[in-house]
Amino acid sequence: MSRRLCETTQIDRSVPPAEFKLRKALMRARGVGMLLNLGGRIYRDKFRDLFTHKKTDHSAIPGEISADLAEIVQCCMQLKIETHGDFPKLGEEERGIVIANHPSDELVWPWTNVIAQKFTPRLKAIAKKELLYDPKALPPIFGWLGKLSELMIMVDRSNRETSVKSIRESCRTIFNPGTAVCIFPDGHRPTKESIERSHAEMANKGYPDLPETMPYTCLPKSGGLMTILRATEGHCIRILNTTVGLSTDENGSDVLGSTAHIYGEEIEREALVGKSSNAEEQEKRLRQWLIEEWKRKNKMINGWRAA
């Protein structure tokens, strides 16, 4: 894709919805084309592995393709990317955990590219099992490629016990040195509908102030992150906490020509679960940290929108 096109094309921010939908469809179509090519490579590797009795490591794929996919998004949506904070470089013998609020469709690959370039290109992600059959997830392309390549740790969100087991086993078998696992504790893209559902669900559980304190994200949950922290205890772990958001509403044509902001900071494990070895105390501390951190993320996003 021509970088000159990205740099010179001017966008009228007041474009009609039809043009925005067309640009979004073009973005998805070009992305699907890349993923189909990637799928051929993964299937060839799997076929070869049957005869060589070896297992191909695909963990570097996100770093290889994220730049091109991010450029597709930037060209179609005319996004400008700005990074803030600090992004440490993961060592070859270290393992990483990347925490983030769930990006919108337009921000997934720009965010991934920043993580791949600044933290580590070897990435895996906790993903919902619905990606294997959800029409919005471009089946069988996205979810199945992630599963076959072991780039995604698929969890069944309707069954907590099964989800915990999947994450724990995956962290032990495919979470290799030099690799980071990404998790979005809020679990949903920040659409108007998902945020409203989250607010309604949590209002009855002691969080009545969510519409004011978390207007741009869903409420984070601690289960998946807690499982990862326990499964990796004793290893050399570096934790990168990131915040991602746009300078405008993420659910409309105002996305065109806007700025994507990505903030990073390294945090210590004790900041998440404290020093206690008691499981209940650790979970309580992590839940509190997530709530306060997501309030801070929302303030950060609000600042980007107000700038």
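Only Cα pairs under 8 Å and at least 6 apart count here; give the relative contact order of the chain as a rounded whole percent. Could the numbers behind the result be given before it?
Working: 497 pairs, mean separation 72.6, N = 307.
Computed over the chain, the figure is 24 percent.
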List the aspartates and glutamates whose alpha-carbon lies under 15 Å from that of Lys124, not counting same-chain residues fewer than 8 positions away?
-> Asp57, Glu64, Glu94, Glu150, Glu169
Under 9 Å, Cβ to Cβ, from Thr56 - net charge with Lys/Arg +1 and Asp/Glu -1 | +1
Exposure proxy order (Cβ contacts within 10 Å, fewest to most) of Trp111, Trp294, Trp289 = Trp289, Trp294, Trp111
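Past 21 Å, Cα to Cα, is the threshold; run Lys205/Lys284; Lys118/Lys275; Lys205/Lys275 against it and keep the listed order.
Details: Lys205/Lys284 15 Å; Lys118/Lys275 29 Å; Lys205/Lys275 27 Å.
Flagged as over cut-off: Lys118/Lys275; Lys205/Lys275.
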Neighbours of Trp294 by Cβ distance under 14 Å: Lys/Arg at +1, Asp/Glu at -1, summed charge +1
When Ser166, Ser194, Ser66 are ranked with the fewest other C-beta atoms within 10 Å first, the list becomes Ser194, Ser166, Ser66
Using only Cα positions of segment 213-307, each an equal point scatterer, no hydration layer, compute I(q)/I(0) via Debye at q = 0.12, 0.20, 0.23 Å⁻¹ and quote the log10 values to two decimals.
-> -0.47, -0.99, -1.17
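Using DSSP to call loops (not H, G, I, E or B), can you name the trypsin sites (Lys or Arg not before Pro) in segment 211-298 whose Cβ has at most 13 other Cβ atoms within 10 angstrom? If you can, show how the numbers build up before the last one.
Working: sites: Lys221, Arg230, Arg238, Arg269, Lys275, Lys284, Arg285, Arg287, Lys295, Arg296, Lys297; in loops: Lys221, Lys275.
Passing both the DSSP loop test and the Cβ count: Lys275.
Near Gly264, within a Cβ-to-Cβ distance under 9 Å, what is the net charge of the other residues, with Lys and Arg +1 and Asp and Glu -1?
Working: positive: Lys118; negative: Asp86, Glu265, Glu266.
For residues surrounding Gly264, the net value is -2.
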Bins of 20 Å from zero: percent of alpha-carbon pairs in the chain | 32, 60, 8
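Rule-based calculations on the coordinates, nothing more; no lab input. Treat the numbers as computed from the prediction; the structure is a model and nothing was measured. In this analysis, Cβ positions are derived from the backbone assuming ideal geometry, glycine residues included, and neighbour counts consider all displayed protein chains.
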